[in-house]
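Participant: Got a structure here, written out as structure tokens. Questions coming.
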């Protein structure tokens, strides 16, 4: 048992464990022969989503500190037929093998690098994820971070709140950078990258991009040319062994000293220590980040103390409409997976 870790979705008693057994009354007698399939959630979903799932399945919802501790996850998943996880949960072979009845995994995210997909495939476990529905929200945030960084909005907010705005700025004081006419380089022209490109064009930016497979708005260039020519570099690649810390010091040095870096993809695509050093040494002008190596970010992270950095707490998909669509798609992926079919969006 996992005291004070799990909450039965259909019970008001915190700390209780649902064992997946659904008791029916047949002709006045108790029958324990019907067992509903059991779903483990490593964190709660919206009420409407849990209510929909609870009508057909037995739910266990972890209610402790996030992320769910590995030992607790392995113990709780042992009798589960399905798992709802989040991008900070590590779902590797050890976790899956602790659940002999596991049929499907639904991650509440567009990324799935936290799941050992190859092992799931070998076990016959389907994996669903939630792309498309968060594309516009993440593209909007990318533009917001870009405008904030180049026009120094958050920096100005800090100045006012700290009581350091003591006189009206003069002609050469507190200057930002124009967005119109600048070259936006997009690393990864997928769903989100292409939406960012269209938004940037409306601001009068010239768009270039580097992408292994996809094509989109703008001019396709080599990675080297992308780094050399971009006034703003926006990263939109998934985290894979090939992209792990690809933006290291060697590549940061190829960028203009006046260039800015935006990352709303995955934190581990950027070598965070190298980025901090590049910003400190003036190798690039600034950065805006919504994702990090380790989340949440604490005050010891050197990026927190830098004035030429804008930080957001991983909110690319954080709009009410987007999060509802993500929950709806997560539920749909689970229902399809538990019925023996492929999820609506299935990781191959």
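Throughout, read-outs are computed from the coordinates displayed, never taken from laboratory work. The structure presented is a predicted model; accordingly, all values stated were derived computationally and were not measured. Every residue, glycine as well, gets a Cβ built from its backbone with ideal geometry; the counts of neighbours run over all protein chains shown.
Participant: Among 281, 46, 167, determine the one that fluctuates most according to a GNM of the chain built with springs between C-alpha atoms less than 10 Å apart.
Facilitator: Fluctuation is largest for 167.
Participant: Test of understanding: ordering 57, 209, 62, 169 by Cβ neighbours within 10 Å, fewest first, what list do you get?
Facilitator: 169, 57, 62, 209
Participant: Let me check against my output: what whole-number percent is the relative contact order of region 271-317, with C-alpha pairs under 8 Å and at least 6 apart?
Facilitator: Details: 38 pairs, mean separation 19.6, N = 47.
In percent, rounded to a whole number, it is 42.
Participant: So what's the angle, to the nearest 10 degrees on a 0 to 90 scale, between helix 191-202 and the longest Cα principal axis of the chain?
Facilitator: Once rounded, the angle reads 30 degrees.
Participant: Using alpha carbon centroids, what distance separates region 165-223 and region 74-97, in Å?
Facilitator: One Cα centre to the other: 39 Å.
Participant: Using a basic spin-label model with each label point 7 Å from the Cα along Cα→Cβ, how many nm lie between residue 88 and residue 177?
Facilitator: 3.1
Participant: Run the numbers on the chain and let me know its relative contact order in percent, using alpha-carbon pairs under 8 Å that are six or more apart. Could the numbers behind the result be given before it?
Facilitator: On the way: 681 pairs, mean separation 51.3, N = 348.
Once divided by the residue count of the chain, the mean separation gives 15 percent.
Participant: Also: Can you sort 102, 187, 147 so the residue with the fewest Cβ neighbours within 10 Å comes first?
Facilitator: Numbers: 102 23, 187 26, 147 15.
Least to most surrounded, the residues fall as 147, 102, 187.
Participant: Between residue 319 and residue 258, what length comes free when the chain is fully extended (0.36 nm per residue of separation minus the Cα-Cα distance, one decimal in nm)? Walk me through the intermediate numbers first.
Facilitator: Working: separation 61, 0.36 × 61 = 21.96 nm, distance 3.20 nm.
Between residue 319 and residue 258, full extension yields an extra 18.8 nm.
Participant: Let me ask another. Hey, for a label at residue 242 modelled as a point 7 Å past Cα toward Cβ, could you say which residues of region 250-271 have their backbone N under 17 Å away?
Facilitator: 266, 269-270
Participant: I've got another one for you. Per residue, what volume in Å³ does the convex hull of the Cα atoms of the chain enclose?
Facilitator: Working: hull volume 56.4 nm³, N = 348.
Per residue, the Cα convex hull of the chain comes to 162 Å³.
Participant: Rounded to the nearest 500 deg cm²/dmol, what is the calculated helix-only ellipticity per residue at 222 nm for the chain, with -39500 (n - 2.57) per DSSP H run of length n ≥ 4? List each step's numbers first, then the result.
Facilitator: Working: 11 runs with 105 residues, N = 348.
Counting only the DSSP helices, I get -8500 deg cm²/dmol.
Participant: For a footprinting-style exposure proxy, rank 234, 294 by other Cβ within 10 Å, fewest first. Provide the component values of the computation, followed by the final result.
Facilitator: Numbers: 234 29, 294 11.
Sorted ascending by nearby Cβ count, the order is 294, 234.
Participant: On to the next question. Starting from the 7 Å offset along Cα-to-Cβ, what nm value, one decimal, do you get for the label separation of residue 348 and residue 219?
Facilitator: A separation of 3.3 nm, rounded to one decimal place.
Participant: Then there's this: Mind giving me the nanometre distance, one decimal, between the label points for residue 140 and residue 280, set 7 Å out from Cα along Cα→Cβ?
Facilitator: Simple spin-label model gives 3.7 nm for this pair.
Participant: If r is the Cβ-Cβ distance from residue 147 to residue 295 and R0 is 30 Å, what FRET efficiency results, to the nearest 0.05? Can you show the working numbers first?
Facilitator: On the way: r = 24 Å, r/R0 = 0.79.
Working from the Cβ atoms, E equals 0.80.
Participant: Once fully extended, how much extra length lies between residue 228 and residue 98, figured as 0.36 nm per residue of separation less the alpha-carbon to alpha-carbon distance?
Facilitator: Values: separation 130, 0.36 × 130 = 46.80 nm, distance 4.84 nm.
Fully extending the segment from residue 228 to residue 98 adds 42.0 nm.
Participant: Also, quick follow-up: Cα gyration tensor of region 131-190, axes a ≥ b ≥ c as square roots of the eigenvalues: rounded (a/c below 1.5), prolate (a/b > b/c) or oblate? Working shown, then result.
Facilitator: Working: a/c = 4.64, a/b = 1.95, b/c = 2.38.
Taking the square roots of the gyration eigenvalues as a ≥ b ≥ c, region 131-190 is oblate.
Participant: Mind checking which of 113, 248, 320 has the largest fluctuation in a GNM of the chain, springs on alpha carbons under 10 Å?
Facilitator: Looking only at 113, 248, 320, the biggest GNM fluctuation is shown by 320.
Participant: Sticking with this structure for a sec: Between the helical axis of 135-151 and the dominant principal axis of the chain, each derived from Cα atoms, what acute angle in degrees is found, rounded to the nearest 10?
Facilitator: That works out to roughly 30 degrees.
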